[in-house]
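Shown next, in structure tokens, is the structure this report addresses.
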Amino acid sequence: MIATSMAVLQHTYAVPLARAAARSRSLSAFAVPTKAGVSVPSNARESQVLLGMSEPELQRLALDFGQEKYRGKQLHHLLYQRKVKDIQDFSNLPLAFRNDLQESGWRVGWSPIYQTVKAADGTIKLLIKLEDNRLIETVGIPVEDEKGSMRLTACVSSQVGCPLKCSFCATGKGGFSRNLQSHEIVEQVLAIEEVFKHRVTNVVFMGMGEPMLNMKSVLEAHRCLNKDIQIGQRMITISTVGVPNTIRRLASHKLQSTLAVSLHAPNQKLRESIVPSAKSYPLEALMKDCQDYFQKTSRRVSFEYALLAGVNDAEEHAVELADLLREWARGSHVNLIPFNPIDGSDYRRPYKKAVLAFANALESRKVTVSVRQTRGLDASAACGQLRNEFQKSPLVVESEEMESQPEFAVAC
């Protein structure tokens, strides 16, 4: 991350020189034009942000500003325990240190909540307004167990919109702007905690965007969520529709988090009709990568399957899916997701009878299955719905980042 890089580069220089360099970078910021004619301020991507930094990095930063090393530990506590949003509210730090940080262009990194929508079931969807005025969605999903304890899941976005156009996903209809920086992912979790006044227990990368197309920031955010915010790795799920070579890359990090692969179909032909990008990543190759992932990490892959009425929800599809998993991923878990209706889609939500028949067909063939409880239907909880409502026209921005995105569909 940029903040880390700056800290390392500055380590051997005096504080005044560090401040001068930061001011110079701030003054040299300029708008980068995109092909679509939309200007994106470069300083929106070059901001020096504290959120997302580890304790050792914050200690290094304190030393760079002529402070004692323990000031970095205090910074860490202020960011992740007290969740202070403004540097000037770091009351237990010397005023001179606070001023030096601000003068050098540092900020905490929180973005304002633009809109909050609460569903009758307690699900809350937030629209967060980023520094460049773009909107992202994050969802808080509370579930109470029999003992009255609450599990709070944060469903976070990894991109501003999506560069792809999955046929059943609202996010793609809203267009794509850019990848999120790691702190912009982390702040979604903190925003959910602030709204619920409760600790987030689980994080799922199942919001807007395809996490594997922004793996660097996703992994940086994963580290922060685990090490700094203290969410166990096994409580974090990274979802993907399947992007060639990325599952192998993820396996090399040997995370203990769950990998959820969105299948949506039991054969290549049907999958291509639902997820057009599957043409670039044959189902057999995807399943082979999932098999290798298990062998390298000892973590079984979970499979997501969106049930679309009259498309992929017949019992024969369930039988074919069971056969596929028996060949490539014995013992895997399938999460069935009845389609969450979105405006402008011809897809329909299957009847409960069809969902249960599909689940029973899998279970009778020794496949562990669960049916995801649909939450937040009255809060536009499907990915991209709320954001689209606040955009008078689709946000289609062809940026430099968009050019580099391959033709693969978003996880949903």
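The values are calculated or read from the model by the stated rules, or taken from the named source; none is laboratory data. These numbers come from a predicted model, not from an experiment. Quick reminder, even Gly has a Cβ in these numbers, built from the backbone with ideal geometry, and neighbours come from all protein chains shown.
Considering every residue within the stretch 110-119, establish whether at least one is among the polar types (S, T, N, Q), closer than 28 Å to Ile236 by Cβ and in a loop (DSSP other than H, G, I, E, B).
Taking every residue of the stretch 110-119 in turn, at least one turns out to be among the polar types (S, T, N, Q), closer than 28 Å to Ile236 by Cβ and in a loop (DSSP other than H, G, I, E, B).
Taking the stretch 307-335 only, how many residues are more than 17 Å from Leu270 (Cα to Cα), in contact with a Leu (Cβ under 7 Å, 6 or more places away or on another chain) and modelled with pLDDT of 95 or more? Please lay out each step first, then the result.
Of all residues in the stretch 307-335, those more than 17 Å from Leu270 (Cα to Cα) come to 326-335.
If we keep only those that are in contact with a Leu (Cβ under 7 Å, 6 or more places away or on another chain) too, we end up with 332, 334.
Pick out the ones that are also modelled with pLDDT of 95 or more and you get 334.
Looking only at that region, the number is 1.
Give me the pairs: first residue in the stretch 148-167 and more than 16 Å from Gly232 (Cα to Cα) and at pLDDT 80 or above, second residue surrounded by fewer than 24 Cβ atoms within 10 Å (Cβ to Cβ) and among the small types (Gly, Ala, Ser), beta-carbon distance under 6 Å, and six or more apart or on different chains, which are they?
Gly161/Gly175
Residue by residue, here is whether (1) at pLDDT 95 or above; (2) farther than 26 Å from Val156 by Cβ holds:
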| residue | (1), (2) |
| --- | --- |
| Asp346 | no, yes |
| Val355 | yes, yes |
| Ala359 | yes, yes |
| Ser364 | yes, yes |
| Gly376 | no, no |
| Cys383 | no, no |
| Phe390 | no, no |
| Leu395 | no, no |
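Which one of these is at pLDDT 95 or above, closer than 30 Å to Ile342 by Cα and surrounded by fewer than 19 Cβ atoms within 10 Å (Cβ to Cβ): Phe196, Phe205?
On the way: Phe205 fails: surrounded by fewer than 19 Cβ atoms within 10 Å (Cβ to Cβ).
So the residue among Phe196, Phe205 that is at pLDDT 95 or above, closer than 30 Å to Ile342 by Cα and surrounded by fewer than 19 Cβ atoms within 10 Å (Cβ to Cβ) is Phe196.
What number of residues within the stretch 116-138 satisfy the criterion of being surrounded by 17 or more Cβ atoms within 10 Å (Cβ to Cβ) and basic (Lys, Arg)?
2
Take Ile113 and tell me if it is closer than 28 Å to Gln373 by Cα and either surrounded by fewer than 18 Cβ atoms within 10 Å (Cβ to Cβ) or at pLDDT below 95 (or both). Give the steps one after another, and end with the answer.
Values: closer than 28 Å to Gln373 by Cα: yes; either surrounded by fewer than 18 Cβ atoms within 10 Å (Cβ to Cβ) or at pLDDT below 95 (or both): yes.
Criteria met by Ile113.
Of everything in the stretch 80-94, what is farther than 25 Å from Gln230 by Cβ and not in a loop (DSSP other than H, G, I, E, B)? Give them in sequence order.
Residues of the stretch 80-94 farther than 25 Å from Gln230 by Cβ: 88, 94.
Passing the criteria: only Gln88.
Kindly list, by first and then second residue, each pair from a residue in the stretch 229-256 that is more than 30 Å from Glu194 (Cβ to Cβ) to a residue that is acidic (Asp, Glu) and outside any helix (DSSP H, G or I), limited to pairs with Cβ atoms under 7 Å and residues at least 6 apart or on different chains.
Val241/Glu210; Val243/Glu210
Could you tell me which residue of the stretch 338-364 is nearest to the chain's Cα centre (by Cα), considering only residues that are crowded, with 17+ Cβ neighbours inside 10 Å and not in a loop (DSSP other than H, G, I, E, B)?
So, considering only residues that are crowded, with 17+ Cβ neighbours inside 10 Å and not in a loop (DSSP other than H, G, I, E, B), the one nearest to the chain's Cα centre (by Cα) is Pro338.
Please verify whether Glu184 is in a loop (DSSP other than H, G, I, E, B), acidic (Asp, Glu), under 26 Å from Asn226 (Cα atoms) and out of contact with any Ser or Thr (no Cβ under 6 Å at 6 or more places or on another chain), treating the condition exactly as stated. Write out each step before concluding.
Values: in a loop (DSSP other than H, G, I, E, B): no; acidic (Asp, Glu): yes; under 26 Å from Asn226 (Cα atoms): yes; out of contact with any Ser or Thr (no Cβ under 6 Å at 6 or more places or on another chain): yes.
No; evaluated as a whole, the condition is false for this residue.
Table: residues versus (1) closer than 13 Å to Glu184 by Cβ; (2) in the same structural domain as Leu270 (by TED's automatic domain parsing); (3) touching a Ser or Thr at 6+ places or on another chain (Cβ under 6 Å); (4) assigned to a strand (DSSP E or B).
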residue	(1), (2), (3), (4)
Ala96	no, no, no, no
Asp121	no, yes, no, no
Lys125	no, yes, no, yes
Val160	yes, yes, yes, yes
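Just checking, which of Gln74, Gln81 is of a type in the set (S, T, N, Q), within 22 Å of the chain's Cα centre (by Cα) and more than 28 Å from Gly209 (Cβ to Cβ)?
Values: Gln74 fails: within 22 Å of the chain's Cα centre (by Cα).
Only one candidate qualifies: Gln81.
Of (1) under 20 Å from Val334 (Cβ atoms); (2) modelled with pLDDT of 95 or more, Leu255 satisfies all except one. Which?
Evaluating Leu255 over (1) under 20 Å from Val334 (Cβ atoms); (2) modelled with pLDDT of 95 or more leaves (1) as the failure.
Could we say that Gln233 is more than 20 Å from the chain's Cα centre (by Cα), farther than 20 Å from Ile337 by Cβ and outside the structural domain of Gln81 (by TED's automatic domain parsing) here?
Values: more than 20 Å from the chain's Cα centre (by Cα): no; farther than 20 Å from Ile337 by Cβ: yes; outside the structural domain of Gln81 (by TED's automatic domain parsing): yes.
For Gln233, the condition - more than 20 Å from the chain's Cα centre (by Cα), farther than 20 Å from Ile337 by Cβ and outside the structural domain of Gln81 (by TED's automatic domain parsing) - is not met.
Within the stretch 190-212, which residues are within 18 Å of Val143 (Cβ to Cβ), under 10 Å from the mean Cα position of the chain (by Cα) and either assigned to a helix (DSSP H, G or I) or of a type outside the set (A, V, I, L, M, F, W, C) (or both)? I'd like the intermediate steps shown before the answer.
So the first thing to find is which residues in the stretch 190-212 are within 18 Å of Val143 (Cβ to Cβ), and the list is 192-193, 195-204, 206-207.
With the extra rule that they be under 10 Å from the mean Cα position of the chain (by Cα), the set shrinks to 203-204, 206-207.
Gly207, the sole residue that qualifies.
Residue check, Lys197 against (1) charged (D, E, K, R); (2) within 25 Å of Ala285 (Cβ to Cβ); (3) free of Cβ contacts under 8 Å to residues at least 24 places away in the same chain, all met but one. Which one?
(2)
Conditions tested, residue by residue: (1) over 24 Å from the mean Cα position of the chain (by Cα); (2) part of a strand (DSSP E or B).
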{"residue": "Arg248", "(1), (2)": "no, no"}
{"residue": "Gln256", "(1), (2)": "no, no"}
{"residue": "Leu259", "(1), (2)": "no, yes"}
{"residue": "Leu270", "(1), (2)": "yes, no"}
{"residue": "Lys279", "(1), (2)": "yes, no"}
{"residue": "Ala285", "(1), (2)": "yes, no"}
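Looking at the stretch 327-345 only, could you name the residues that are touching a residue at least 40 places away in the same chain (Cβ under 8 Å) and over 12 Å from Val369 (Cα atoms)?
Glu327, Trp328, Ala329, Phe339, Asn340, Pro341, Ile342, Asp343, Gly344, Ser345
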